[in-house]
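**Q** One structure is given below, represented as structure tokens, and several questions about it will come after.
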Amino acid sequence: MHIARNRVVRFAYTLTDDKTQVLDRSGEGEPLTYLHGGGAIIPGLEAALEGKRAGESFNVRVAAVDAYGERDDDLVQSVPRDMFEDDDAVKVGMQFETSDDDGETRVVTVTGADADNVTVDGNHPLAGMPLNFAVTIVEVRDASTEELRHGHVHGPGGHPHD
């Protein structure tokens, strides 16, 4: 069975940058499971998986625009330190969830801090970077009616339901 829309896919992967530094990988014996065509993984990787079958292994380079997007300098800003509830605890690398005027939430990362201000970056940490994946497809199956109705995978590797 090949990977196509509304199929459940389990795959193992190693993600590296262009300097071959490992950025992420699936855990040993814990492949990533997702519903193909549902937008659960980055578009460039989902497109590369299309049509592949269980047992196949391949490498793919995903351009930044098809991964987490290009960096947007407008998403980096300096805010007064006293905007934070516990401003003494704010450290570089911390992440916070914030809302814009339209109620959209975004995760921001603290990239700098001094006595008066904190610099936050609303870009995804991998924005602007091409990503290299080494992939092995473990399983491909049809999604159940319930999985299609809920828009995500249930059971092992997916969303648990009681």
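The values are calculated or read from the model by the stated rules, or taken from the named source; none is laboratory data. These numbers come from a predicted model, not from an experiment. Using ideal geometry, Cβ is built from the backbone for each residue, glycine included, and neighbour counts are taken over all protein chains shown. Ligands, DNA and RNA are stripped out before the accessible areas are found, and what is left, the full protein with its side chains, is counted by its heavy atoms. Shrake-Rupley method; radii C 1.70, N 1.55, O 1.52, S 1.80 Å.
**Q** What FRET efficiency comes out for the pair ASP17/ASP82, r = Cβ-Cβ distance, R0 = 25 Å, nearest 0.05?
**A** 0.10
**Q** Using the basic label-point model (7 angstrom from Cα toward the beta carbon), what is the LEU75 to ALA4 distance in nanometres?
**A** 3.4
**Q** With each pseudo-label sitting 7 Å past Cα toward Cβ, what's the THR98-VAL65 distance in nm, one decimal?
**A** The modelled label-to-label distance comes out at 2.8 nm.
**Q** Heads up, I need the accessible area for SER26: 1.4 angstrom probe, whole protein in place, Å², nearest 10.
**A** So the heavy atoms of SER26 present about 20 Å² to solvent.
**Q** How would you rank 43-54, 72-83, 4-15, highest first, on the average number of other Cβ atoms within 10 Å across their residues?
**A** By packing density, highest mean first, the sequence is 4-15, 43-54, 72-83.
**Q** List the GluC sites (Glu not before Pro) within region 70-112 that fall in a DSSP loop (any state other than H, G, I, E or B) and whose Cβ has at most 10 other Cβ atoms within 10 Å.
**A** GLU85, GLU104
**Q** With θ taken as phi - 60° and the coefficients 6.51, -1.76 and 1.60, list the Karplus ³J(HN,Hα) couplings across region 42-54 in order, rounded to whole Hz; mark glycine and proline as x.
**A** Couplings: 4, x, x, 6, 4, 5, 5, 7, 3, x, 6, 10, 4 Hz.
**Q** Let me ask something additional. Between the alpha-carbon centers of region 58-126 and region 1-56, tell me the distance in whole angstrom.
**A** 26
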